[in-house]
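Asks: Mind having a look at this structure? Questions to follow.
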Amino acid sequence: MIKNKPDLVVGILEGGGYVVNRMIKESKIDSVIFKSVKLQRDNPFKNSKIIKFFLKVLPYIVLNKIRVFESKKAKESIDKINLSEILKCEINVDSISNIINVEQILIIDDAIDTGKTMSIVKNNLSKIFPGTRIEIAVISWTLTGSIIKPDYYLYKEELVRFPWAKDYKGKDFEKKCFSS
């Protein structure tokens, strides 16, 4: 589905990293450089054993309601996003900054919700590679009112439970997508 051949593909960890790793394994594209970046978000529940336990034992019907609630909260927060603050955010791009002759970049992530993460990554890459064409590809563009729009997506306004999600239950996977 990607129309232009990138020189550099950048996956945003965690979710985009899984997608990029799959692309590397199955890629028939020669001379493409694959890299990844990580953007740490403040999450007080990240290592909570109690939260992890509940995510594994709650039925999907409850987990889906939680995801829809989170999505509604994210949608409400879009108008409150301070774009000038996002432009100030810097990420570690040391592994990318020494690459030369880049004319086309493709940023990959699993989903765009508010668009903050993608905006920060794209802005940082634009600073390193001024004038370079940068496109965005995601599996799911969950909120079409996001502050940045993807060039490519598989699902629009769909919440997708990815195999790498903390509330994914493996073989008992009921439904990949559900409307927000």
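Asks: From (1) of a type outside the set (Lys, Arg); (2) at pLDDT 85 or above; (3) over 23 Å from residue 105 (Cβ atoms), pick out the condition that doesn't hold for residue 179.
Replies: Tallying (1) of a type outside the set (Lys, Arg); (2) at pLDDT 85 or above; (3) over 23 Å from residue 105 (Cβ atoms), residue 179 fails exactly one: (2).
Asks: Something else about it: Can you list residue pairs whose Cβ atoms sit under 7 Å apart, with the first residue in segment 138-158 being farther than 21 Å from residue 85 by Cα and the second being among the aliphatic types (A, V, I, L, M) and assigned to a loop (DSSP other than H, G, I, E, B)? Count only pairs 6 or more apart in sequence or on different chains.
Replies: If the second residue must be among the aliphatic types (A, V, I, L, M) and assigned to a loop (DSSP other than H, G, I, E, B), the pairs left are 152/1; 152/2.
Asks: Another question, if that's okay. Quickly run through segment 55-114 and pick out the residues that are within 18 Å of residue 144 (Cβ to Cβ), part of a helix (DSSP H, G or I) and either open to solvent by 90 Å² or more (accessible area, probe 1.4 Å) or of a type outside the set (A, V, I, L, M, F, W, C) (or both).
Replies: Those that are within 18 Å of residue 144 (Cβ to Cβ), part of a helix (DSSP H, G or I) and either open to solvent by 90 Å² or more (accessible area, probe 1.4 Å) or of a type outside the set (A, V, I, L, M, F, W, C) (or both): 67, 70, 71, 72, 73, 75, 76, 77, 79, 80, 83.
Asks: If you don't mind, there's one more thing I want to ask. With respect to residue 117, determine if the residue is open to solvent by less than 50 Å² (accessible area, probe 1.4 Å), over 21 Å from residue 5 (Cβ atoms) and in a helix (DSSP H, G or I).
Replies: Considered against the rule, which asks whether it is open to solvent by less than 50 Å² (accessible area, probe 1.4 Å), over 21 Å from residue 5 (Cβ atoms) and in a helix (DSSP H, G or I), residue 117 comes out as yes.
Asks: Continuing with this model, one more query. With surrounded by fewer than 21 Cβ atoms within 10 Å (Cβ to Cβ), touching a helix residue (DSSP H, G or I) at 6+ places or on another chain (Cβ under 9 Å) and over 14 Å from residue 37 (Cα atoms) as the only criterion, which of 134, 139 stands out? Break it down into steps so the answer makes sense when it comes.
Replies: On the way: 139 fails: surrounded by fewer than 21 Cβ atoms within 10 Å (Cβ to Cβ).
On inspection, the qualifying residue turns out to be 134.
Asks: Looking at 52, 38, which one is at pLDDT 85 or above and over 19 Å from residue 147 (Cβ atoms)?
Replies: 38
The values are calculated or read from the model by the stated rules, or taken from the named source; none is laboratory data. Not measured: the values here are computed from a predicted model. Please note: Cβ atoms are built from the backbone with ideal geometry, for glycine as well, and neighbour counts cover all protein chains shown. Ligands, DNA and RNA are excluded from the accessible area calculation, which covers all protein heavy atoms including side chains. Shrake-Rupley method; radii C 1.70, N 1.55, O 1.52, S 1.80 Å.
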